[in-house]
1. Report every pair of residues separated by at least 6 positions or lying on different chains whose Cβ atoms are under 7 Å apart, first residue within segment 321-340 and at positive phi, second surrounded by 24 or more Cβ atoms within 10 Å (Cβ to Cβ).
2. Are there any helices (runs of 4 or more DSSP H) wholly within segment 297-384 with 2 or more residues that are out of contact with any Ser or Thr (no Cβ under 8 Å at 6 or more places or on another chain) and open to solvent by 30 Å² or more (accessible area, probe 1.4 Å), and if so which?
3. Give me the pairs, please: first residue somewhere in segment 66-79 and under 14 Å from P328 (Cα atoms), second residue anywhere and β-branched (V, I, T) and assigned to a helix (DSSP H, G or I), beta-carbon distance under 6 Å, and either six or more positions apart or on two chains.
4. Condition check: open to solvent by 40 Å² or more (accessible area, probe 1.4 Å), of a type in the set (S, T, Y) and assigned to a helix (DSSP H, G or I). Does T139 satisfy that?
5. Give the number of residues within segment 21-34 that are under 15 Å from T116 (Cα atoms) and either surrounded by fewer than 24 Cβ atoms within 10 Å (Cβ to Cβ) or of a type in the set (K, R) (or both).
6. Have a look at T331, T351, T344 and point out the one that is of a type in the set (V, I, T), farther than 22 Å from G262 by Cα and modelled with pLDDT under 90.
7. Of A399, A419, which residue is within 17 Å of W127 (Cα to Cα), over 23 Å from the mean Cα position of the chain (by Cα) and at pLDDT below 80?
8. Pairs please, first residue from segment 135-161 and farther than 18 Å from V323 by Cα, second anywhere and among the charged types (D, E, K, R), Cβ atoms under 9 Å, 6+ apart in sequence or on different chains.
Amino acid sequence: MAAGYLEILRARHAARLLTGTLVGRLPNATAAIALVLFVRAEGGTYGLAGALAAVYGVANAVGQPVLGRLEDLYGQPRVQLPAAVASALAMAVFAFSGTDPLPLACAAVAAAGLFTPPLEGGLRALWPSVLRREEQVHTAYAMDAVAQEVMFTVGPLLVTLCVSLWSERAALLVLNAVGVLGALSVVLSPPSRAWRSAPREAHWLGALRSPGLLALLGAFLFVGIALGSITVASVPYADEHGGDAVYGWLMAALGLGALIGGSVYGARAWSGAPERRLRVLVALLAVCYLPLMLMPDAVAMVLLSLLSGVFLAPCIACAFIIVDRHAPGGTVTEAFSWLVTTFTVGASVGTGLAGPVVQAGGPLWGYAVPGAAGAVSLLVLLATGRVLAVPARSGVVAASSENDPNRAAEPRFSSGDRA
C-alpha cells in the first residue's frame, strides 16, 4: 500500500503540489471553528458565531465554481494567488474590526469565503500533467481524498494551539497568512505555471451542461447531507454517554475510518467502469450508517463511527475520476469545484436538517438521517445510470491540450475498462 503512495510522492513536483494545496486550504478547513472561537472571545453569542460561519460557508460555496471557471479561462497563477491574498485580507479586516459594526463583519467574512482559492480543483487538474500513467492519477485522487481527512483533523488542533499560544485573533491572522504561503508555493511551481485548460465551447452553463456531471452532483448532495447530519446527531448521544470527550472520539473515529478506507482503496488498481463502482461504494456507505441507530455504549459507538466512515473517502476518490470523465473540455477545474460546492452545501443542509429531527425524536432519529440520505444518493445514481454511462470524454486528461501550454497534439490515456 505504502509503495503506491510513495511512487506518487517521488514524482517531480507531486509532494510540493500536495503539501502546498493542503497548507493553502487551512484557512477554509479551520474557518468555522476559528470564527466561533473569535466571536465568543469578542463577547458575541453562539447564534452570531453560527450565523457568521454560515455566511462564510455560503459565500465559499458560491465562489468555488466561479473562481474555478476563471482558472480554466486564465490559468492558475492569475486566479489562485490574488484570490488567496484577497481572502486573507478580508479575514484580517474582520479580525481587527471584530463584530461591531455587524454589516462590516458580515461583508468581510463573506469576502473571505467568496475569494477562497479553488486549490482543490486546481490540484486535481494538475495531477495528469505531473503523473504520466493513468493508474498513478487514480491513486493520486485517492491520496488526495485521504489527505483531506488529515487536514480536517489537524486543522482544528492548529486553531486551538494558536489560541493557547496567542489569541483567537492571532489564530485567524496566522492561519490565513499560512494559507497564502501555501497558495504561493502552488502557483510558483512549474506545473501550475505551465497548465492551460483545453479550448472550451462558449456556454453560460460551463461544466454544468454535462448531464453526467449533474447526475453525480445530485448524488453527492445527499452524501454531504449524510455526513453533516452525523455531526449533529452525535451531540445528544455524547451528552448522554460522557459529554464532549465522547463527541471528540466519535468525530475522530469517523475521520479515521475515512483514512483507512481511502488508503486501502487507493492502494490497488480497480477494473470496471468507475460509475458502476461508485454505486457499490455508495450502497456500502449507506449500509454502514445504519448500525449507528443501535446506539450502544460509548466504546462500541466509536467503533461503529469508524465503520461508518470507511467508504466515504473511496466514494470521493471514485467521484473524482467520474468528474474527470464527464467534465466538458476546458472546464475541468470548474467541474471539480462544483463537486466541492455540492458536497459543502449538502453537509450544511444535513446539519440544518438533523437539528429539528433530533429535537423532535432524539438521537435515534438523528442517526436515521444519514442512512436515508445515503439511500437517496444510491437511488439517484441508479436512476441516472444511462446518463452516467456516457462520459463526455474518455480517460483522464493527461498530456493533451488540457495541460499542455503549447497545445501539442499528444495522445491521451485511454481508460477502457480500467478506472
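The values are calculated or read from the model by the stated rules, or taken from the named source; none is laboratory data. The shown structure was predicted, so the numbers you read here are calculated from the model rather than taken from an experiment. Backbone-built Cβ (ideal geometry, glycine too); neighbour counts: all protein chains shown. Areas reflect the complete protein model, heavy atoms only, side chains present, ligands, DNA and RNA absent. Shrake-Rupley method; radii C 1.70, N 1.55, O 1.52, S 1.80 Å.
1. G330/D72
2. Qualifying helices (runs of 4 or more DSSP H): 298-309, 332-361, 363-383.
3. Listed by first residue and then by second, the contacts come to G68/T333; D72/T333.
4. Here the answer is no, as T139 does not meet what is asked.
5. Matching residues across segment 21-34 total 6.
6. T351
7. It is A399.
8. M151/R25; G155/R25; V159/E168
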